[in-house]
Every structure is written in C-alpha cells, then in structure tokens.
Amino acid sequence: MWALVGRRRRPYGSGTGQPELPLAAPKQRPRLLEPEVAARIAVSRRAKPSAIPGYVKLLLTLEFRRELAEKLSLRAIKSKRNIEAIILALIEAAAKKW
C-alpha cells in the first residue's frame, strides 16, 4: 500500500527570494452618522420590501427560554393568531412607550 504524503509548504516569501507583500492599509472609519440616518441605512441594507406599502420584511432568529416560548404559543393559540403576530404586537406596544 502506498500512503500519500503532502509536501511541506514554506511560508510565502520565506527563502524564495521574493519580497513579502505589504499588508493592506486599514480601512478608514466612516464619519459618525446621526442615529436616525444610521437606522435608515441599516434597514435599507438588511430589510427586504414587503407587499404591504410602508412595511419591510426583516428576518430575525430569536432564541427564547422554553417557558417564554410556551407562554407566547399559549397566547397565540388563545387569541387565534400566529406567534409572529403576538411578538410583533408586543414589539409595537413597547415602541409606543419610547
């Protein structure tokens, strides 16, 4: 049986007579934006248009404690709505208090 053994590779530029390439210059930090402008930019990059005018689709992955997930599911079942509608209503109610 033959065993295939890979060649050892030398780090780039070491002993090959080639100069090492300089590192890329660090990116300049953009100027600070007002929070409202930054929020609009974030939503425009992350959200997708919705079929409902004035709405966007924003995909979130949430991790809940099992107890909280069961409470939310119970509330959704009792109100005959889906859990997404329950969570959205809670977020909108909290946003009104800001």
Legend entry - Which numbered condition GLU70 fails, given (1) surrounded by fewer than 10 Cβ atoms within 10 Å (Cβ to Cβ); (2) among the acidic types (Asp, Glu); (3) modelled with pLDDT of 95 or more: (1)
Legend entry - Members of region 33-56 that are surrounded by fewer than 11 Cβ atoms within 10 Å (Cβ to Cβ) and of a type in the set (S, T, N, Q): SER44
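Residue-wise test of (1) aromatic (Phe, Trp, Tyr); (2) part of a helix (DSSP H, G or I); (3) in contact with a helix residue (DSSP H, G or I) (Cβ under 7 Å, 6 or more places away or on another chain).
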| position | (1), (2), (3) |
| --- | --- |
| ARG29 | no, no, no |
| VAL37 | no, yes, no |
| ILE41 | no, yes, no |
| ILE52 | no, no, no |
| THR61 | no, no, no |
| GLU67 | no, yes, no |
| ARG75 | no, yes, yes |
| LYS78 | no, yes, no |
| LEU90 | no, yes, no |
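The values are calculated or read from the model by the stated rules, or taken from the named source; none is laboratory data. In this text the structure is predicted, and so the values were computed from the model without any measurement. Ideal geometry is used to build each Cβ from the backbone, glycine not excepted, and the neighbour counts take in all protein chains shown.
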